[in-house]
C-alpha cells in the first residue's frame with residue numbers, strides 16, 4: 001500500500017483510554033468501518049497481501065474478522081469460512097482449545113469448510129498476543145488446509161504475538177503500534 005493510504009487508515013483508528021479496563025489503550029477500528037473510503041482502503045490492503053497467491057478460502061475469527069474476511073472473499077470471488085467460539089456453529093465441527101491470559105477458550109470450524117490442500121488466507125482486525133489467531137490457523141491445518149498468509153489491520157508489536165503463530169505462515173500487518 002502507498003504510505004499516504006496507510007496514513008489515512010492510521011488516522012481513522014481511534015484511541016480509547018482505559019478500555020476495557022484501566023491502563024489499556026484500545027485501538028478502535030469503528031471509524032474505519034464507518035467510513036466507506038477507509039473501509040475500502042483496508043480491504044485493498046488485505047487483498048494486496050494475497051499478492052499472486054491463488055487463495056481459495058478466506059478465514060475470519062468471530063467477530064471482527066468476519067467483517068474484513070467476508071469483504072475480501074467477496075472481492076476475490078472466493079469462499080469465506082467463519083471461525084467461531086465453541087457452541088456457535090450448527091454442524092459437525094473441529095475444535096481447538098487455547099490459553100488466554102486468565103483461563104482458556106475454544107474456537108471451532110465446520111469439518112467440511114476447508115478441503116485438504118486448499119490455500120487459505122486469514123484476515124483479522126488485530127494481532128495482540130496471537131493466541132486466538134494461532135488456534136484458528138491450527139484448525140485450518142488440522143483440516144488439511146495450506147495457510148498462505150495471516151493478515152491483520154493492526155499489530156500490537158509490543159505484545160510479540162507473531163512468536164505464537166506458525167513459522168511457516170507469512171504474517172502481514174497493515175498498521176503496527
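Quick notes on this one:
- Among the residues making up the stretch 54-80, those that are assigned to a strand (DSSP E or B), in contact (Cβ under 8 Å) with a residue 40 or more places away in the chain and under 20 Å from residue 117 (Cβ atoms) are 57, 58, 59.
- Test: residue 140 is outside any helix (DSSP H, G or I) and under 16 Å from the mean Cα position of the chain (by Cα): no
- Selection over the stretch 8-23 of residues that are part of a loop (DSSP other than H, G, I, E, B) and either surrounded by 11 or more Cβ atoms within 10 Å (Cβ to Cβ) or under 21 Å from the mean Cα position of the chain (by Cα) (or both) gives a count of 3.
- Among the conditions (1) at pLDDT 95 or above; (2) in a helix (DSSP H, G or I); (3) in contact with a strand residue (DSSP E or B) (Cβ under 8 Å, 6 or more places away or on another chain), residue 49 misses just one, which is (1).
- Members of the stretch 41-58 that are over 17 Å from residue 173 (Cβ atoms) and in contact with a helix residue (DSSP H, G or I) (Cβ under 9 Å, 6 or more places away or on another chain): 55, 57
- Of the residues examined, residue 5 is one that is over 15 Å from the mean Cα position of the chain (by Cα) and under 22 Å from residue 149 (Cβ atoms).
- Residue 41 being over 17 Å from the mean Cα position of the chain (by Cα) and buried (at least 17 other Cβ atoms within 10 Å of the Cβ): no
- From the list 101, 94, the lone residue that is over 20 Å from residue 153 (Cα atoms), surrounded by fewer than 19 Cβ atoms within 10 Å (Cβ to Cβ), in contact with a helix residue (DSSP H, G or I) (Cβ under 9 Å, 6 or more places away or on another chain) and modelled with pLDDT of 95 or more is 94.
- Candidates are the residues of the stretch 29-40 that are touching a strand residue (DSSP E or B) at 6+ places or on another chain (Cβ under 9 Å) and part of a helix (DSSP H, G or I); the one that is nearest to residue 149 (Cα to Cα) is 32.
- Taken over the stretch 118-137, the residue count meeting the criterion of being closer than 16 Å to residue 167 by Cβ, assigned to a strand (DSSP E or B) and over 10 Å from the mean Cα position of the chain (by Cα) is 0.
One line per residue, one yes/no per condition, for (1) in contact (Cβ under 8 Å) with a residue 12 or more places away in the chain; (2) more than 26 Å from residue 32 (Cβ to Cβ); (3) assigned to a strand (DSSP E or B):
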residue	(1), (2), (3)
89	yes, yes, no
96	yes, yes, yes
108	yes, yes, yes
114	yes, yes, no
149	yes, no, yes
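The values are calculated or read from the model by the stated rules, or taken from the named source; none is laboratory data. As the structure is a prediction and not an experimental result, all values here were calculated from the model. All Cβ positions, glycine included, derive from the backbone under ideal geometry; neighbour counts span all protein chains shown.
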